[in-house]
Amino acid sequence: MCCESKRRFLLLYATQKGQAKAIAEEIWQQAGAHGLEADMHCISEMDKYNLETEKDPVVIVISTTGTGDPPDTARKFVKKIQDKTLPPDHFAHLQYGLLGLGDSEYMFFCNGGRTVDRRLQELGAQHFYDTGLADDSVGLELVVDPWIDGLWLALKEALQLQKEKEDMNNAVSSSLSTGPHAVHELKLSSEVQNLKLEDEGARGSDILSQKLDDINLVAPARDTEPSLVHSVPPLSQSALNIPALPPEYIEVEFQDIQGENPHLSSLISEGRTFEVPVTRAVQLTREDAIKTALLLELDIADTAFEYQPGDAFCVICPNNVSEVEKLLHILGLSEKGDDFVCVKVKQGTKKKGAVCPQHIPERSTLKFILTWCLEIRAIPKKAFLRALVECTSDAREKRRLQELCSRQGASDYTHFIRDSNVCLLDLLHAFPSCKPSLSLLIEHLPKLQARSYSVSSSNLYQPGRLCFVFNVVEFPAGPSRPVSRKGVCTGWLAELVAPLLHTSKNSQGTKGEIFSTEKVSIFPRPNNAFHLPADPSVPFIMVGPGTGIAPFIGFLQHRQKLREEHTDWEFGETWLFFGCRHQDRDYLFKQLQCFLKNGTLTHLKVCFSRESSTAEVAPPKYVQDVLRLCAKEVARVLLKERGYFYVCGDKKHMADDVSDAVVDILSMEMEADKLEAMKSLAMLREAKRYLQDVWS
C-alpha cells in the first residue's frame, strides 16, 4: 500500500527489452522527492490494478517492437481495450499521460504507444499531460528527460483538480467533467531540431549536483578534442546534474555444488524452441568482397517447426567466449567461472517490487549467466554509468563517467557511447580503475536477445529444410573500441561453420559448401503480413539488394512449386530488383537466372553500385534508380492491377530511398503532386500492399 501522506498516481509500463521498465523505475524513484507516491506495475499485471475504477492519474510508459507492435507484455491489455463492444465513455473518468518509446528508423514509429493512446482517447480518457514520443535513433533521453521534468507539475495540478472535484457537489462536478482541464502542457517532439534542452538546475533530492569545488580536484586534460575518456570546456568546467544512484537490489552467492546448467529452451518465453542441425553452409561472396555473406541450411524435418515464405525466426546465440573470459578476469572471478551461483534479491533493498531478473536462472554457473543470459555488448544506459561512478577510484575517471551520465554531457554520451556502440568491456578498458561487482552487472545488463533472421526458403520446395542468409557483421576498432569485433550472433555462426568452410573450398578458392553436425537452437517468429498474395494471379514486385534478397528466394521457390503442381492456375507476373556492389564478388544468387528461364520470375533487374562503366550513359547503380527506369510498369502493377510491392533490406540506406522513388513514380504516372502520391503510398501501406521487412 502507498503511504497516505503522499499523493498517489498509478504508473504502468510495457517493455520488450527493459527500457520502458527502466524509465518507469526512474519515475518511481523521483516521485518521492516531489511528495508523490507511484504505484508501479507492469501493464500485464492486470490483477494488480483496474483502469475501469481508477480515480488517480495514470502514467504509462510503453515501447514498440517488431514492425510497430506493442511489446509482448502489453498484448493482453491492448486486446482488452480494443474490444469493440466497449462504449465511447468507458474511460471517461480516466486521466493519463503517456510516454512512447520507438525508433524512427522503422516505419511505424512509436506505434505501440500511439495504439494505446489513440484507443484510450476513443474510449473517453483525457490527457492530463501531453504524450511524449522518444526516438531511440537519436537518443531516448532527448525526450524522456524533459518529459519527466515536466511530469511533476502536471501530476500535481491533475491531483489538485481531482481533489477540487471531489469536494464539489454532484451538479458542479458534472458540469466540470465536460469542460477542458487546465493542466500543464509540455509540447515534445522527437525531432532533435525542435528540442530545447535547458538546464533548470537540480530536480530535487534525486539529483546529485557536483560543485565546482569538486571539479577543481581533477586536473584539466591536455587534450583539445573530447573523447570517451576526456572532456573539454565548457563541460569539463561545469557543475553537473547527475541522475540519482539506482538502489542495489541483487546479491550473488557462490555455491559449492555440482550439477548441469539449464537447457537453453528455459531462457525463452516466446514459445517452443527447437534444437536443429546445420546441414549445409555456403559462402555466397568471394574472399575479396567487402562483406562476407553466408547461407546456412537447417534440418527441421524431425520437428514441429512450421513457417511460410516471408516469415522470420530467431536464433539463440551466446556471447563471444573470449569476451566472457575477459570480463571474468576484470571481475577477478576467472577461477570461479564454472562455480554455481545463487542470485537473489538483496535484503532491505530500497527498490520497489524488486525481483530477480526473469532471464537469470535459479541455478546455473557464473559462466553460463555471462555467456547465455546477459547482453554484455549492450550500450550502457545512463543509470548504469551512474552506478559505475561508485565503483571507480580514480578521480579523473570518476568525473568523466559523471559527465557522461549527466544532463550537461548528453551530447558526449550520444557521440562517444551511443553512436560509437561502446559496450561494458570498452568502458572497463577505458576506465581501468572502475571495478564493478558481479551483482551490479546482473542488475544493469539486459537480457541477451535471440537474433531474428528472414527465412530464405520454402517448405513446399524443400520439405524439412529451413535456409537463411546473413552478412557477418564487423565492428572495426576505433577510438572508443580498442579491438575489432564481429556481431554477437553472425560472428558465432560464422565461427561455428568456419573450420568446415575453409577445408571445402573449391579449386578456384571462391565459394565453399560443407555438411555439418553442428546444432543451433531456434524458435519461430511468424510475420503477419510479409507473405505472398493469397491470390496467385495478383502480380507483385520485390526489391531486395544485398542480403535483402533472402525472403524473395523463398517466395520464388514457393511460386515455382505451385506452378509445377497447379498447371491450370493463373499466375501474375513477378518482378525482382536486386543490387550489390560487384557482379563477380557479391552477386549472392546467380541461380536467379533459373527462375527467369522457367517462367517463375517474369522480370529480373540487377544493378552494381561499384562497377566501373565505359558506356556513354552510365548504368543505374542502385535499385531505386532502376525502379525509376521502370516507372510505367511499376505504376501499372500497383495502380491498375492492384499488385503488391515488397521491400527487404537496410532501412536507412535503401528502404527510404525506394519509398521516395515509388512516390516519384506515382506522382509522375498519376500526374498528381507529391502530396497526393504520398497519400496513395500511405493507402497501399494501409491495405498491406506495400510491405517492408527492414533493419537498421
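The values are calculated or read from the model by the stated rules, or taken from the named source; none is laboratory data. In this text, all values refer to a predicted model and were calculated from it rather than measured experimentally. Note that we place each Cβ from the backbone using ideal geometry, even for glycine, and neighbour counts take in every protein chain shown. Remember, those area values only see protein heavy atoms, side chains included, never the ligands or the DNA or RNA. Shrake-Rupley method; radii C 1.70, N 1.55, O 1.52, S 1.80 Å.
Tabulated results
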read-out: Single residue of PRO499, PRO482 found to be in contact with a helix residue (DSSP H, G or I) (Cβ under 6 Å, 6 or more places away or on another chain), over 30 Å from LEU562 (Cα atoms), at pLDDT below 95 and not polar (S, T, N, Q); value: PRO482
read-out: Whichever residue in segment 240-253 is open to solvent by 40 Å² or more (accessible area, probe 1.4 Å) and part of a loop (DSSP other than H, G, I, E, B) and, among such residues, is farthest from ARG363 (Cα to Cα); value: LEU245
read-out: SER667 vs. criteria over 21 Å from ASN111 (Cβ atoms), free of Cβ contacts under 8 Å to residues at least 40 places away in the same chain, surrounded by 16 or more Cβ atoms within 10 Å (Cβ to Cβ) and among the polar types (S, T, N, Q); value: yes
read-out: Matching option when the condition is outside any helix (DSSP H, G or I) and at pLDDT 95 or above, among GLY572, GLY579; value: GLY572
read-out: Residue satisfying condition, being open to solvent by less than 60 Å² (accessible area, probe 1.4 Å) and modelled with pLDDT of 95 or more, within set PRO463, PRO524, PRO536; value: PRO536
read-out: Restricting segment 32-46 to residues that are among the hydrophobic types (A, V, I, L, M, F, W, C), at pLDDT 90 or above and not in a loop (DSSP other than H, G, I, E, B), the residue that is surrounded by the fewest Cβ atoms within 10 Å (Cβ to Cβ); value: CYS42
read-out: Members of segment 88-126 found to be in a loop (DSSP other than H, G, I, E, B), farther than 30 Å from GLN692 by Cβ and open to solvent by less than 40 Å² (accessible area, probe 1.4 Å), listed by number; value: PHE91, LEU94, LEU123, GLY124, ALA125
read-out: Sole residue being modelled with pLDDT of 95 or more, out of contact with any Cys (no Cβ under 8 Å at 6 or more places or on another chain), under 30 Å from PRO536 (Cα atoms) and charged (D, E, K, R), chosen from LYS597, LYS605, LYS590; value: LYS597
read-out: Test result for TYR13, in contact with a Lys or Arg (Cβ under 6 Å, 6 or more places away or on another chain) and either within 28 Å of ARG451 (Cα to Cα) or not basic (Lys, Arg) (or both); value: yes
read-out: Pairs with Cβ under 6 Å, 6+ apart, first in segment 243-261 and among the hydroxyl-bearing types (Ser, Thr, Tyr), second open to solvent by 60 Å² or more (accessible area, probe 1.4 Å); value: TYR249/LYS346
read-out: Residue check, PRO233 more than 30 Å from THR517 (Cβ to Cβ) and without any contact (Cβ under 8 Å) to a residue 24 or more places away in the chain; value: yes
read-out: Residue that is outside the structural domain of GLY554 (by the TED database) and under 17 Å from ILE250 (Cβ atoms), where the choices are HIS444, HIS429; value: HIS444
read-out: Failed criterion for THR85 (all others in (1) surrounded by fewer than 16 Cβ atoms within 10 Å (Cβ to Cβ); (2) farther than 25 Å from ALA134 by Cβ; (3) touching a residue at least 60 places away in the same chain (Cβ under 8 Å) hold); value: (3)
